[in-house]
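The values are calculated or read from the model by the stated rules, or taken from the named source; none is laboratory data. Note that the structure is predicted; figures quoted are calculated from it, not measured. Every residue, glycine as well, gets a Cβ built from its backbone with ideal geometry; the counts of neighbours run over all protein chains shown. For the accessible areas, the whole protein counts, side chains as well, though only heavy atoms, and no ligand, DNA or RNA atoms are used. Shrake-Rupley method; radii C 1.70, N 1.55, O 1.52, S 1.80 Å.
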Amino acid sequence: MTMWRAIVPAIVLALAQSAAPAHAQLRPRRDAVLPRARAGRQLPDEQVGNRAQLERQVQRMLYQMTRRRVGLTDPQMNQLIPINQRFEGQRRAILRQERETRLALRDAMRDSAQVDQGKITGYLDKLVQLQHQRVDLIEQEQKDLAQFMTPLQRARYTALQEQVRRRVEQMLRRNGSGVSADTTAARAPSE
């Protein structure tokens, strides 16, 4: 529940900011101030009940923005939705594994009394393996998208995905939520 208190406003704000024309500046102004999340505050029951509604609204906004900014037709959007869901799930799993491996590596390096070189080597090897998996995932995603998108549409879509991810992550960092973007990455709308 705590995660959604930070995520939904961040995603809505990211989508609203991302709705700017493609030629608009992608970086937020330095003087822009975002509201801070209120840590430890419980949501009233009515807001908890609205979570699903907020999720649907975010999905609809993302659907419309993707369709408009990338220039996709309804049949293309119907093809995009399952592909995006599949790859986003895999992407989050890889990012989660990377985060866990980095934390384990950090802990292994801190243990100065009993430095286990083999463990450290294993963690480093795992990180390289995960990076290869991420590149393979991007390559496969591009191949799947190329079956129904033009190269220009794929480029726009990739840029939009990255823009939304960065904005959500930036807002979560500013709000001090402690939730990483890989667990909250904006998914393609499932309209």
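What to note about this one:
Conditions (1) in contact with a helix residue (DSSP H, G or I) (Cβ under 6 Å, 6 or more places away or on another chain); (2) in a helix (DSSP H, G or I); (3) not β-branched (Val, Ile, Thr), marked per residue:
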{"residue": "125", "(1), (2), (3)": "no, yes, yes"}
{"residue": "131", "(1), (2), (3)": "no, yes, yes"}
{"residue": "135", "(1), (2), (3)": "no, yes, no"}
{"residue": "141", "(1), (2), (3)": "yes, yes, yes"}
{"residue": "158", "(1), (2), (3)": "no, yes, no"}
{"residue": "173", "(1), (2), (3)": "no, yes, yes"}
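- Looking only at the stretch 123-151, residues that are aliphatic (A, V, I, L, M) and touching a residue at least 12 places away in the same chain (Cβ under 8 Å) come to 6 in all.
- Scan of the stretch 126-171 for residues that are of a type in the set (Val, Ile, Thr), open to solvent by less than 50 Å² (accessible area, probe 1.4 Å) and under 27 Å from residue 105 (Cα atoms), ordered by number: 168
- Flag if residue 55 is out of contact with any helix residue (DSSP H, G or I) (no Cβ under 6 Å at 6 or more places or on another chain), at pLDDT below 90 and closer than 24 Å to residue 149 by Cα: no
Quick grid of which residues meet (1) surrounded by fewer than 17 Cβ atoms within 10 Å (Cβ to Cβ); (2) over 21 Å from the mean Cα position of the chain (by Cα):
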| site | (1), (2) |
| --- | --- |
| 64 | yes, no |
| 68 | yes, no |
| 80 | no, no |
| 90 | yes, no |
| 93 | yes, no |
| 100 | yes, no |
| 103 | yes, no |
| 109 | yes, yes |
| 115 | yes, yes |
